[in-house]
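Colleague: My questions will all concern the structure given below.
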Amino acid sequence: MTFVLGEYMFTGQGAAEIAADVERAVGQGALAPGAALPPLRELAARLGVNPNTVAAAYRLLRDRGVIETAGRRGSRVRPRPVTTARDEIRPAVPAGARDLSTGNPDLALLPPLSPALAAAAARHAERPTLYGAPPVDEELEALARAAFDADGVPDGPVAVTSGSLDAIERALTGHLRPGDTVAVEDPGWGSVFDIVPALGMRAVPVAVDDDGPRPEDVDRALRQGARALIVTDRGQNPTGATISAGRARELRTVLAAHPEVLVVDDDHVHGLTGLPLHPLAGSTRHWMLVRSTAKAYGPDLRLAVLTGDPVTVDRVRGRLRLGPGWVSHLLQHTVAHLWRTGAVDVPAVSAAYAARRDALVGALADHGMAAHGRSGMNVWVPVPDETGAVTRLLHAGWAVAPGARFRLASPPGIRITVSPVAVAEVPALADAVADAVRPRRTGRYG
């Protein structure tokens, strides 16, 4: 049987059939984001099935991140279904415009990979990695553990994944189940906003200032039942926030009252910032700190090292073992060579990004505009009208990222990646931002 909602006809007799039909309709645009789904009993009656069948179909859709349920308010298609990644919220960059929207590092600050790749290939020729080999290269593990120790990260086993998000996903699935709540930074990393609902979990926003997540918001989220907290220690995307020593103490105090919460520290800018690390690792029984190589050594070097409590690391390793098995030892040997030889001049790279961020934040302040960029490669600018600001900047020759990619409940803003900008270009960029955010009442945009 079928049931028509607007121009869409629900079909199916089993839970899997109904769920697949709805998911296909969302992916094709027949059911728009935010569209309300029929009440369980109403849809069951129209399809001629048991209400429990429709309930099971809705659970499948929720677990896949397609719909969200709100008790008596019913179910509806998520505003951002998992079939549409937040990275797709970006302006089309016209020819000749400067693209400051991607979040990519400055190519000139990345180390050459040829020597490291050649060394990895030579090692492979001498001692190729075969089935049954340990999943983590011995040298990489020792270097990672030494770096963790130097930064005051608690002792724990080391694992390797294909990037930070890979580690975060495996840790969440290892500890939580569909329907659980995850506390996330807001503004925050759009990929986390995507992966949490894709796992059938619900993201609850935690406000962020320049010192990191606000303790009162974290406390509220945990009291409301959040079973995990994901924080960025340094170079927070998009705001550049860095957890200070004082903020870390406050957050550890909050977490001490919730010992069963999984705490994930994301230190994705390791290798390109000289700011000290103040992790929350060890504040609860289950924790993980993960470091990606993407920003300091290149986005295509898909590798991250992590440590954590033995249970969490074992669960991450177990899920990796059931899927790809391990991260290529060629990549592991390459990263070990880069670390061992000091391929990145961290103070110089950190200073280069800081000069651009500080110049832009200062120039915007001269225009009477607040902006944030304590660390990393981005500057976050609060704006009253994202769409207008992004559009006017495009016409002025600058492409920036709309804040919608990085927000759940926080106010509007734009993210500007400073990697492609020279310090000498900052005044012109700041003038364009000021004109775009506060356009004149006359002329083209009046």
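Colleague: What are the residues whose amide H is under 5 Å from the amide H of LEU31, where those residues sit 5 or more places off or on another chain and H is modelled from the backbone?
Modeller: Long-range HN contacts for LEU31: VAL26.
Colleague: Sticking with this one: For the chain, what is the relative contact order in percent, using Cα pairs closer than 8 Å and at least 6 residues apart in sequence? Before the final figure, lay out each step's value.
Modeller: Values: 880 pairs, mean separation 78.1, N = 446.
Worked out over the chain, it gives 18 percent.
Colleague: Apply the membrane-span-like helix rule to the chain: whole DSSP H runs, Cα extent along the own long axis of at least 27 Å, mean Kyte-Doolittle hydropathy at least 0.0. List the helices found. Can you show the working numbers first?
Modeller: Details: long enough: 346-366 (30 Å, 0.69).
Membrane-span-like by this criterion, though nothing is claimed about a membrane: 346-366.
Colleague: How do GLU139, GLU216 line up, fewest other C-beta atoms within 10 Å first? Let's see the in-between values first.
Modeller: Details: GLU139 16, GLU216 12.
So the residues, fewest neighbours to most, are GLU216, GLU139.
Colleague: What distance in nm lies between label points placed 7 Å from Cα along the C-beta direction at ARG340 and GLU425?
Modeller: It works out to 3.8 nm between the two label points.
Colleague: Same structure again: Under the rule of at least 5 residues apart or a separate chain, name every residue whose amide H is placed under 5 Å from the amide H of MET201.
Modeller: GLY179
Colleague: How would segment 184-288 be classified by its alpha-carbon gyration tensor: rounded, prolate or oblate, with rounded meaning a/c under 1.5 and the a/b versus b/c comparison settling the rest?
Modeller: Working: a/c = 1.56, a/b = 1.15, b/c = 1.36.
Judged from the Cα gyration tensor, segment 184-288 comes out oblate (a/c at least 1.5, b/c at or above a/b).
Colleague: Exposure proxy check: MET201, MET9 ranked by fewest other beta carbons within 10 Å?
Modeller: Details: MET201 24, MET9 13.
In order of increasing Cβ crowding within 10 Å: MET9, MET201.
Colleague: Report, by chain and number, residues whose modeled amide H sits under 5 Å from the one on VAL383, excluding near sequence neighbours (fewer than 5 apart, same chain).
Modeller: Amide H neighbours of VAL383: GLY413, ILE414.
Colleague: Let me ask you something else. Per residue and in Å³, how big is the convex hull formed by the alpha-carbon atoms of the chain? Spell out each step's value before the answer.
Modeller: Numbers: hull volume 76.5 nm³, N = 446.
Cα-based convex hull of the chain, divided per residue, equals 172 Å³.
Colleague: Counting only C-alpha contacts under 8 Å and six or more residues apart, can you give the relative contact order of segment 74-210 as a whole percent?
Modeller: Reported as a whole number, the value is 23 percent.
Colleague: Let me check against my output: what whole-number percent is the relative contact order of segment 165-216, with C-alpha pairs under 8 Å and at least 6 apart?
Modeller: Numbers: 54 pairs, mean separation 18.8, N = 52.
Relative contact order here is 36 percent.
Colleague: How do ARG315, ARG98 line up, fewest other C-beta atoms within 10 Å first?
Modeller: Details: ARG315 20, ARG98 17.
Lowest count first: ARG98, ARG315.
Colleague: So if I average 1/r over every pair of distinct C-alpha atoms in segment 2-77 and take the inverse, what Kirkwood radius in Å does that give?
Modeller: Across segment 2-77, the inverse of the average 1/r is 12.0 Å.
Colleague: Antiparallel DSSP bridges in the chain: what percent, to the nearest 5? The partial results should precede the final answer.
Modeller: Working: 27 of 48 bridges.
Of all bridge pairs located within the chain, approximately 55 percent are antiparallel.
Colleague: Ok, one more. Suppose the chain between THR391 and ARG177 were pulled fully straight at 0.36 nm per residue; how much longer would it get relative to their current alpha carbon spacing? Mind dumping the intermediate values first?
Modeller: Numbers: separation 214, 0.36 × 214 = 77.04 nm, distance 4.06 nm.
So the chain would gain 73.0 nm between THR391 and ARG177.
Colleague: Pop a pseudo-label 7 angstrom from the Cα along the beta-carbon direction at both ALA56 and GLU126 and give the gap in nm to one decimal.
Modeller: 5.9
Colleague: Toward the positive end of the charge dipole of segment 265-357, about the Cα centre and with charges on Cβ (Lys, Arg +1; Asp, Glu -1), which of VAL290, TRP339, THR312 goes farthest?
Modeller: Positive-most Cα among the choices belongs to THR312.
Colleague: Report D for segment 114-340 in µm² per second (integer): Stokes-Einstein, Kirkwood Rh on Cα pairs, 37 °C, 0.692 mPa s.
Modeller: Details: Rh = 17.8 Å.
D, rounded to a whole number, is 185 µm²/s.
Colleague: Please report, in debye to the nearest 20, how large the charge dipole of segment 2-77 is about its Cα centre when each Lys and Arg carries +1 at its beta carbon and each Asp and Glu carries -1 there. Walk me through the numbers on the way to the answer.
Modeller: Numbers: 9 positive and 7 negative charges, 56 e Å.
With only Lys, Arg, Asp and Glu charged at Cβ, the dipole is about 260 debye.
Colleague: Per the Debye formula with a single identical scatterer at each Cα and no solvent contribution, what log10 I(q)/I(0) holds for segment 122-163 at q = 0.15, 0.17, 0.26 Å⁻¹?
Modeller: After summing over all Cα pairs, the log10 values are -0.48, -0.59, -0.98.
Colleague: A further question follows. Please list, in order along segment 269-275, the HN-Hα scalar couplings obtained from phi with the Karplus expression 6.51 cos²θ - 1.76 cosθ + 1.60 (θ = phi - 60°), rounded to whole Hz, x for Gly and Pro.
Modeller: 9, 4, x, 9, 9, x, 5
Colleague: Pop the C-beta distance of HIS367 and ASP155 into the FRET formula with R0 = 60 Å and round what comes out to the nearest 0.05.
Modeller: Working: r = 48 Å, r/R0 = 0.80.
Working from the Cβ atoms, E equals 0.80.
The numbers here are math on the coordinates, done by the rules we state, and not lab data. Please read all numbers here as calculations on a predicted model, not as lab measurements. Please note: Cβ atoms are built from the backbone with ideal geometry, for glycine as well, and neighbour counts cover all protein chains shown.
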